[in-house]
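Notes for the one structure printed next.
The values are calculated or read from the model by the stated rules, or taken from the named source; none is laboratory data. Values in this document were obtained by computation on a predicted structure and should not be read as measured data. Heads up, the Cβs are rebuilt from the backbone with ideal geometry, glycines too, and the neighbour counts pull from every protein chain shown. The accessibility values were calculated without ligands, DNA or RNA, using every heavy atom of the protein model including side chains. Shrake-Rupley method; radii C 1.70, N 1.55, O 1.52, S 1.80 Å.
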Amino acid sequence: MDTKWTLQNEIDRILESMKTMSASSKEYKQAAENVRILIETIEKSKISKDTIILAATNILGILLVLNFERLGIVTSKAFSMLRKV
């Protein structure tokens, strides 16, 4: 299930229900706050390209070191070479 799609559907549903509410009502203000929270949740769930590149290079580095260790070329620990995030 795609969380972003589900959250967007809920935002659309709330916005549709807000059309029948009075803009000065307590329910309208609560619905607007719920929409704001849902939009922030969608934006926070995005992963930056830098994070993806960093993770991919770390995995590649581990695989290379493990392969060298398997071949007996390098006898160090692969995980000590990881860059701390």
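Tabulated results
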read-out: Size of electric dipole in segment 27-71: Cβ of Lys, Arg +1 and of Asp, Glu -1, about Cα centre, debye, nearest 20; value: 100
read-out: Set of aspartates and glutamates near Lys46 by C-alpha distance (under 13 Å), chain-local residues within fewer than 8 positions excluded; value: Asp2
read-out: Leu7-Lys19 pseudo-label distance in nm [points 7 Å out on the Cα-to-Cβ vector]; value: 2.5
read-out: Lys19 accessible area, assembled protein chains, probe 1.4 Å, Å²; value: 150
read-out: Inter-probe distance in nm under a simple model that places probes 7 Å from Cα toward Cβ, at Leu66 and Thr51; value: 2.3
